[in-house]
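The values are calculated or read from the model by the stated rules, or taken from the named source; none is laboratory data. Bear in mind that the values here come from a model prediction, so they are computed numbers and not experimental data. Counting neighbours? That spans all protein chains shown, and the Cβs are built from the backbone with ideal geometry, glycine included. We work out accessible area using only protein heavy atoms, side chains counted, and drop any ligands, DNA or RNA first. Shrake-Rupley method; radii C 1.70, N 1.55, O 1.52, S 1.80 Å.
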Amino acid sequence: MLVDSHCHLDAIEFDADRAAVIARARAAGVRMQVLPATHAGAWPGLREAAALDDGLYPAYGLHPTFLAHHRPGHLEQLRTWLARERPVAVGECGLDYFVEGLDPAQQAHWFDGQLQLAREFDLPVIVHARRAVDAVIAAIRRIGGLRGVVHSFSGSRQQAEVLWREGFLLGLGGPVTYERAQRLRRLAADMPIEHLLLETDAPDQPDAGLRGQRNEPARLAVVCATIAALRGVDDHVVAEATSANARRLFALD
């Protein structure tokens with residue numbers, strides 16, 4: 001069994017064949033998928049997508065690259081959704097210092113607010129950290145009492161070790177399948193497996209065999225096989241360990 005810890009199944013890219021995408025995922029052994037949100041306007045659609053299959057688990061949050069969509073009152077609205085819907089996590093939230101034009105102070109406002117809600121509701125957080133890992137670590141330490149995953153991790157080994165000590169796992173997906181990603185592949189090869197989650201970030205971040213095409217959760221098997229080869233173990237070793245990690249972090253049944 002595989003668990004896709006980060007999949008945007010509600011994205012418009014899947015509107016034409018969402019049921020078939022889910023079926024292909026199940027055929028590939030992906031039994032569970034965590035579906036993180038991007039902005040408040042998308043939460044109802046995400047809830048509808050998650051209702052399509054028992055193995056789909058929603059998370060609700062405010063993504064840093066969707067600043068233009070966030071409005072005063074959305075944090076309080078998120079509190080209402082968390083209390084009513086009982087999702088498996090808060091997110092996707094975080095910081096993005098790569099995309100131009102995203103005000104760091106505004107990002108920090110939304111991120112800190114969501115970290116506080118995660119602590120209040122005792123939920124894990126799904127964190128986006130692009131060229132902002134140190135700032136994310138600082139926020140996690142400042143709020144305290146948190147756990148979660150930094151998805152699509154691209155930081156250093158030293159940053160990874162700090163995150164592990166803070167109670168966070170790392171999500172690895174398509175980028176690890178590219179041979180040029182040497183630092184990431186070294187990390188995947190020897191990091192403690194109890195801190196590892198697998199993800200696709202579908203429809204984004206396709207693996208090397210799907211370069212330039214729409215990604216989908218069935219491709220999680222490729223990510224698993226790549227990491228297993230890097231670690232010199234059978235695929236099922238990585239599949240079983242990472243699935244157990246995901247079920248534990250997100251309290252999946």
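What is the list of residues in region 81-124 whose amide nitrogen lies under 11 Å from a point 7 angstrom out from the Cα of A251, following Cα to Cβ?
Residues passing the 11 Å test: 86-89, 121-124.
Within region 151-213, what whole-number % of the accessible surface is contributed by carbon and sulfur, with the 1.4 Å probe and all protein chains included in the calculation?
45
Divide the volume of the convex hull of the Cα atoms of the chain by its number of residues and quote the answer in cubic angstrom per residue.
Cα convex hull per residue, to the nearest whole number: 116 Å³.
When ranked by the protection proxy of mean other Cβ atoms within 10 Å per residue, highest first, what sequence do the peptides 16-23, 32-39, 60-67 form?
32-39, 60-67, 16-23
Could you tell me which of A189, H70, L95 has its Cα farthest along the dipole of the chain towards the positive end, charges placed at Cβ (Lys, Arg +1; Asp, Glu -1), taken about the Cα centre?
The residue sitting most towards the positive pole is A189.
Roughly how compact is region 46-107, stated as its Cα Rg over 2.2 N^0.38 Å to two decimals?
Against the empirical 2.2 N^0.38 Å value, I get 1.27 for region 46-107.
Quote the charge dipole size of region 113-182 about the Cα centre in Debye, to the nearest 20; the model charges only the Cβ of Lys and Arg (+1) and of Asp and Glu (-1).
160
Taking all pairs of different Cα atoms in region 82-184, averaging 1/r and flipping that mean, what Kirkwood radius in angstroms comes out?
Value: 14.1 Å, from the Cα pair sum.
Between A229 and D103, take the C-beta separation as r, use R0 = 45 Å, and let me know the FRET efficiency to the nearest 0.05.
0.60
Measure off, as a whole percent, the carbon and sulfur share of the 1.4 Å-probe accessible area of region 1-48, all protein chains present.
Answer for region 1-48 is 57 percent, counting heavy atoms of protein chains only.
Please get the size of the charge dipole for the chain, origin at its Cα centre, with Cβ charges of +1 on Lys and Arg and -1 on Asp and Glu, quoted in debye to the nearest 20.
420
To the nearest whole percent, what portion of all C-alpha pairs in region 22-77 is separated by more than 15 angstrom? If you can, show how the numbers build up before the last one.
On the way: 816 of 1540 pairs.
The answer is 53 percent, as a whole percent.
With N denoting the number of residues in region 131-174, provide Rg(C-alpha) divided by 2.2 N^0.38 Å, to two decimal places.
Cα-based Rg divided by the globular estimate yields 1.05.
What list of ³J(HN,Hα) couplings, whole Hz, do you get for region 199-210 from phi and the Karplus terms 6.51, -1.76, 1.60, once you set θ to phi - 60° and write x for glycine and proline?
Coupling constants for region 199-210: 8, 10, 6, 4, x, 8, 6, x, 6, 4, x, 10 Hz.
Add +1 for every Lys or Arg and -1 for every Asp or Glu among the other residues with Cβ under 14 Å from the Cβ of E240, and state the total.
Summing Lys/Arg as +1 and Asp/Glu as -1 gives +1.
Given the DSSP H assignment, sum -39500 (n - 2.57) over each helix run of at least 4 residues in the chain and divide by its residue total; what's the result at 222 nm in deg cm²/dmol, nearest 500?
Values: 9 runs with 105 residues, N = 253.
The helix-only estimate for the chain comes to -13000 deg cm²/dmol at 222 nm.
Which whole-number value in Å² is the accessible area per residue of region 1-127, probe 1.4 Å?
Result: 41 Å² of accessible area for each residue.
Which listed residue (N215, L146, V133) has the Cα farthest towards the positive end of the charge dipole for region 100-253, taking +1 on Lys and Arg C-beta and -1 on Asp and Glu C-beta about the Cα centre?
Result: V133.
With +1 on each Lys and Arg Cβ and -1 on each Asp and Glu Cβ, how big is the dipole of region 12-93 about its Cα centre, in debye rounded to the nearest 20?
Approximately 200 debye in magnitude.
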